[in-house]
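The values are calculated or read from the model by the stated rules, or taken from the named source; none is laboratory data. Being a predicted model, the structure only gives us computed values, none of them experimental. Glycine also receives a Cβ, built like all others from the backbone with ideal geometry; neighbour counts cover every protein chain displayed. Heads up: the accessible areas ignore ligands, DNA and RNA and are worked out on the full protein's heavy atoms, side chains in. Shrake-Rupley method; radii C 1.70, N 1.55, O 1.52, S 1.80 Å.
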Number of protein chains: 2
Amino acid sequence: MAYTGKYIDKADYRVFCIIGDGESAEGSVWEAMAFSSFYKLDNLVAIFDVNRLGQSEPTSLQHDMDVYRKRAEAFGWNTSVVEGHDVEALSKAFYDASTVKGRPTCILAKTFKGKGIPGIEDEENWHGKPLAAKSEAAIKAIEDNISNKGPHGLTPKSPSNQAKAVNISNIKLSEPPTYDKSAQVATRAAYGTALVKIGKNNDRVVAMDGDTKNSTFSIKFKEAFPDRFIECFIAEQNLVGVGIGCGTRGRTVPFISTFACFLSRAFDQIRMGAISQTNANFVGSHSGVSIGEDGPSQMALEDLSMFRSIPGSTVFYPSDAVSTERAVELAANTPGVCFIRTSRPNCPILYSPDDNLQIGKARVVRKSDSDKVTVIGCCVTLFEALKAADKLAIDGVNIRVIDPFTIKPIDAETIRSNAKETGGKIITVEDHYPEGGLGEAVCSAVACCRDITVKKLAVQEVPRSGKSAELLEKYGISANCIVKAVNQILSQ
Amino acid sequence: MAYTGKYIDKADYRVFCIIGDGESAEGSVWEAMAFSSFYKLDNLVAIFDVNRLGQSEPTSLQHDMDVYRKRAEAFGWNTSVVEGHDVEALSKAFYDASTVKGRPTCILAKTFKGKGIPGIEDEENWHGKPLAAKSEAAIKAIEDNISNKGPHGLTPKSPSNQAKAVNISNIKLSEPPTYDKSAQVATRAAYGTALVKIGKNNDRVVAMDGDTKNSTFSIKFKEAFPDRFIECFIAEQNLVGVGIGCGTRGRTVPFISTFACFLSRAFDQIRMGAISQTNANFVGSHSGVSIGEDGPSQMALEDLSMFRSIPGSTVFYPSDAVSTERAVELAANTPGVCFIRTSRPNCPILYSPDDNLQIGKARVVRKSDSDKVTVIGCCVTLFEALKAADKLAIDGVNIRVIDPFTIKPIDAETIRSNAKETGGKIITVEDHYPEGGLGEAVCSAVACCRDITVKKLAVQEVPRSGKSAELLEKYGISANCIVKAVNQILSQ
């Protein structure tokens with residue numbers, strides 16, 4: 001929010017953040033501390049409430065204000081230690097903070113938990129507990145402590161340089177996604193292209209990345225709109241925090257990108273984002289074993305599961321460059337948490353600029369009157385399914401092939417009706433672990449139907465390093481594996 | 001690993017950790033820095049490889065060694081800045097580190113990426129790229145730089161105080177789980193009881209928590225075995241790192257507990273743990289809306305999905321105190337990542353000490369010859385299912401009720417055979433979001449069967465605060481909701 005105020009809104013509103021001392025052991029706090037000083041966010045004040053007590057025992061630093069001070073200073077913040085129950089001292093600290101240029105301010109407030117309440121102040125074992133028999137005495141102690149119970153007569157000044165109203169609705173690609181039908185384009189590259197196009201259309205589109213911009217292709221946006229790109233370095237919890245902060249109060253439309261597997265570092269931030277009614281778009285590249293040689297630490301194989309479990313989320317898994325561009329356009333206009341899964345390898349072009357791709361609408365990409373099985377895949381595995389269809393056709397076996405486009409919501413109607421036309425037989429193929437991804441989304445979509453069966457092809461173990469095609473084969477999601485699965489089902 | 005060496009093994013082996021400068025922006029690094037100095041881990045050396053360059057641009061601090069030094073010192077480490085290409089300087093730094101008592105040592109090594117390779121040293125845009133045409137010149141430059149190619153004649157000394165061999169197999173509860181059949185016991189409380197029992201049986205069982213030990217009940221273990229309990233404070237990425245480290249090389253059997261939702265902060269550590277063939281046990285309390293008033297930030301509703309997606313994982317969701325104790329005993333002896341989901345409310349006792357609870361074996365807890373539907377629930381929702389069974393029985397409708405005990409592996413055989421006996425009708429009820437949890441595990445288990453349908457009852461939106469029973473009702477997973485779902489299915 002402070003970054004948006006200073007660099008995007010260029011307004012003089014200030015941002016205040018209260019941090020518990022127990023909470024300040026979280027690394028995400030120090031990611032944000034490093035970020036805020038690097039970007040000279042002098043409109044930001046963090047107040048550490050150092051009350052000495054955690055939930056189950058004293059904090060590791062208790063009231064060692066000097067260690068807090070050294071840490072905050074080492075992370076580049078203007079820092080002052082104050083008595084946190086002294087209103088005058090706090091007022092001075094807030095005023096001083098407003099005069100500091102080029103650095104955020106950290107107010108380290110030494111406090112006592114339950115201050116002024118007899119038998120509770122600075123005592124352990126009161127975290128999150130009702131006071132029960134001690135309630136009345138506590139309320140009386142607090143009331144006795146209020147010296148000015150009437151109207152205070154103070155009116156806070158409004159910011160003099162207000163943030164202007166902005167329009168973040170009806171965002172469009174500046175030009176339609178037009179690709180040569182013979183082109184081979186990675187969906188991650190199409191992401192960068194689309195991001196620039198919506199950035200041209202609406203100047204409130206912003207993007208951020210965690211030092212992977214040359215792999216996710218968000219670098220294209222940085223090159224086109226350097227003032228609207230935020231490099232967050234290798235600190236994904238804060239990357240997500242910055243994205244969510246930028247989108248707060250509808251000030252911007254944030255697109256947050258890194259390798260999809262690295263977003264797992266920020267699962268709690270994304271979860272809490274959904275609880276806080278966040279509007280933010282996440283783009284994870286390098287999904288699945290198809291990335292090849294870089295190995296399992298870089299392969300996202302649980303990202304669909306993670307983003308599907310976020311309430312109200314929309315999960316895009318576009319198969320080609322055209323649908324990726326449409327996914328970006330749709331995400332920009334969709335409230336809540338959106339996730340777009342992109343892939344590393346170059347893939348063929350499936351769609352035309354005038355294909356009407358919609359959230360929750362699957363596309364039937366191969367169909368005949370004699371299809372025996374419905375195969376559902378996305379991107380890399382969709383093209384494997386199409387290859388399998390060609391191989392099977394040689395032996396006279398036709399299969400239907402479906403591209404779901406969004407995994408959440410999943411197009412249950414199209415899946416069910418096509419399954420019924422193909423003997424109730426579905427095979428799903430996904431570059432993902434078997435849990436929580438495409439396969440289980442499809443299982444859920446047909447759970448209420450008798451006479452439909454689903455066979456899931458997915459990556460069943462921690463994969464190794466290898467060439468992309470080798471890994472698809474080894475982990476059971478290649479065209480050959482699909483052919484085998486189809487033949488097996490038809491022989492049952 | 002360093003904590004285990006110093007406090008559990010009490011051996012003199014030393015631990016070395018290399019951290020990239022780009023990587024050092026990760027908050028998890030600073031969680032570990034705070035932890036290591038708090039516990040005076042003078043057997044630990046961290047080497048920061050400060051080579052100035054990230055993947056896509058220079059790091060935020062580049063070669064500002066003084067800022068690195070201030071940060072490491074503020075976090076309590078003995079710190080030295082060295083020229084990272086000067087072997088003599090490095091040797092001295094490592095020797096000095098071995099003489100420092102009471103503090104870990106941080107060696108800040110100033111280096112140049114691609115050192116000594118013409119046209120590449122200290123240049124951008126070479127991260128993770130093949131050198132291609134520059135390969136031969138690079139190999140020659142490196143070879144020319146090797147001044148002593150023969151045997152070096154040095155033999156490193158073995159540690160003088162070796163870690164003794166340990167036995168971590170066949171761990172048992174010191175006494176069977178015996179509860180009065182009329183007792184009401186929360187599974188989280190039974191977790192603490194069981195942990196003490198296996199701790200009595202095997203002195204290599206260790207436990208750690210993130211300042212929630214009085215809620216997860218790991219505090220019982222701390223009280224019984226203070227030397228084997230590690231308070232990790234509110235820093236879940238490091239909590240998980242410490243647990244994984246303790247379990248490395250089979251030195252201990254770690255149990256890592258916090259609120260289940262907070263484990264989402266460490267998803268990447270758990271994911272990387274699985275890739276690293278980790279043996280570790282995770283216990284997440286306060287699952288679902290049944291925690292009541294504390295609200296959605298504290299409610300785990302995506303934890304089953306997260307742990308199911310970890311390859312090779314075992315996911316326990318015990319329903320009563322007896323099965324919780326058995327889950328702890330089984331987890332202690334099961335390789336890979338184990339997760340035990342515990343709940344906040346007190347619940348009835350279902351099982352006897354001699355019930356043989358097994359991984360992948362569901363229990364049929366209510367059965368008649370005229371059951372019309374199979375209902376599958378866990379813990380809170382299992383007891384709602386039993387209440388629903390009582391209500392429905394009044395109207396002459398019998399239902400079968402199943403406790404799966406483990407969600408992964410799920411007992412597909414028991415579920416299928418019981419479903420077939422109840423007209424192919426299954427209802428799942430879970431205190432979890434609809435994606436990736438019990439419902440989808442069951443959908444997957446019956447995906448290959450024609451004539452079985454699954455209706456999922458789950459929490460469909462971000463919940464509010466309220467009393468436990470009110471929330472079960474509002475979010476559609478109460479006994480009343482199960483009755484309604486059964487009647488609806490039977491009227492179709």
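Per-structure values
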item: Angle in degrees between helix B:27-38 and the longest Cα principal axis of chain B, rounded to the nearest 10; result: 80
item: Loop-located trypsin sites (Lys or Arg not before Pro) in segment B:129-186 whose Cβ has at most 16 other Cβ within 10 Å (DSSP); result: B:LYS149, B:LYS157, B:LYS164, B:LYS172, B:LYS181
item: Dipole in debye (nearest 20) - segment B:393-472, about Cα centre, beta carbon charges: Lys, Arg +1; Asp, Glu -1; result: 140
item: Solvent-accessible area, 1.4 Å probe, carbon plus sulfur percent, for the protein assembly as shown; result: 50
item: 12 Å beta-carbon shell around A:ASP66, net charge (K/R +1, D/E -1); result: +2
item: Inter-probe distance in nm under a simple model that places probes 7 Å from Cα toward Cβ, at B:ASN356 and A:LYS200; result: 7.1
item: Ellipticity estimate at 222 nm from DSSP helix runs (n ≥ 4, -39,500 (n - 2.57)) divided over the protein assembly as shown, nearest 500; result: -9500 deg cm²/dmol
item: Span from the segment B:346-398 Cα centroid across to the segment A:76-134 one, whole angstrom; result: 51
item: Span per principal axis, largest first, for the Cα atoms of chain B (Å); result: 88, 52, 42
item: Estimated distance in nm for a label pair at B:GLN492 and B:ASN398, the labels positioned 7 Å out from Cα along Cα-to-Cβ; result: 2.3
item: Shortest-first nm distances, A:LEU154 label point to equivalent points in other copies (7 Å, Cα→Cβ); result: 6.4
item: Estimated D of the protein assembly as shown in µm² per second, where Rh is the Kirkwood radius over Cα pairs and Stokes-Einstein applies at 10 °C, 1.306 mPa s; result: 53
item: Radius ratio Rg over Rh of segment A:281-354, counting only Cα atoms, Kirkwood formula for Rh; result: 0.99
item: Segment A:244-377, accessible area per residue, ligands and nucleic acids excluded (1.4 Å, Å²); result: 26
item: With Cα atoms, 0 to 90° folded angle of helix A:380-394 axis to chain A main axis; result: 10
item: Residues in segment A:210-235 occluded by at least 50 Å² - accessible area, probe radius 1.4 Å, against chain by itself; result: A:ASP211, A:ASN214, A:PHE233, A:ILE234
item: Under 5 Å, built H, 5+ apart or other chain: amide partners of A:VAL81; result: A:LEU108
item: Mean separation of Cα contacts under 8 Å (6+ apart) over length of chain B, as relative contact order %; result: 12
item: Nearest-first distances (nm) between copies at A:ALA89, label 7 Å from Cα via Cβ; result: 4.3
item: At least 40 Å² of accessible area lost relative to the chain alone, listed for segment A:45-61 with a 1.4 Å probe; result: A:GLN55, A:SER56, A:GLU57, A:SER60
item: Relative contact order of segment A:29-119, pairs being alpha-carbon contacts under 8 Å that are 6 or more residues apart, as %; result: 42
item: Accessible surface buried upon A-B contact (total; probe 1.4 Å; Å², nearest 100); result: 6400
item: Dipole axis of segment B:68-224 (+1 Lys, Arg; -1 Asp, Glu on Cβ), positive-most option in B:ALA141, B:CYS106, B:ILE117; result: B:CYS106
item: Between helix A:412-421 and chain A: long-axis angle, C-alpha atoms, 0 to 90°, nearest 10; result: 20
item: Nearest beta-carbon to the B/A symmetry axis - residue in chain B, distance in Å; result: B:GLY27, 1
item: Antiparallel DSSP beta bridges within segment B:356-451, percent to nearest 5; result: 25
item: For B:PHE307, net neighbour charge (Lys/Arg +1, Asp/Glu -1) across residues whose Cβ lies under 11 Å away; result: 0
item: Length-normalised contact order of segment A:298-437 in % [C-alpha pairs under 8 Å, at least 6 apart]; result: 32
item: Contour minus Cα-Cα distance for B:ASP96 and B:SER465 (0.36 nm per residue); result: 127.3 nm
item: Cβ-based net charge around B:GLY84, under 10 Å, with every Lys or Arg adding one and every Asp or Glu removing one; result: -1
item: Largest-first principal axis extents of the Cα set of segment A:202-256 (Å); result: 30, 26, 14
item: Residues whose placed amide H lies under 5 Å from that of B:LYS455, excluding near-sequence neighbours; result: B:ILE426, B:ILE427, B:THR428
item: Protein-protein interface of segment A:297-346, residues with accessible area decrease of at least 20 Å², isolated chain reference, 1.4 Å probe; result: A:SER297, A:GLU302, A:SER305, A:ARG308, A:SER309, A:PRO311
item: Estimated distance in nm for a label pair at A:HIS152 and B:SER174, the labels positioned 7 Å out from Cα along Cα-to-Cβ; result: 5.6
item: For B:LYS115, label point 7 Å along C-beta direction: distances to other copies, nm; result: 5.1
item: Surface per residue (accessible, 1.4 Å probe) for segment A:103-169, Å²; result: 74
item: Inter-centroid distance (Cα atoms) of segment B:149-178 relative to segment B:441-492, Å; result: 49
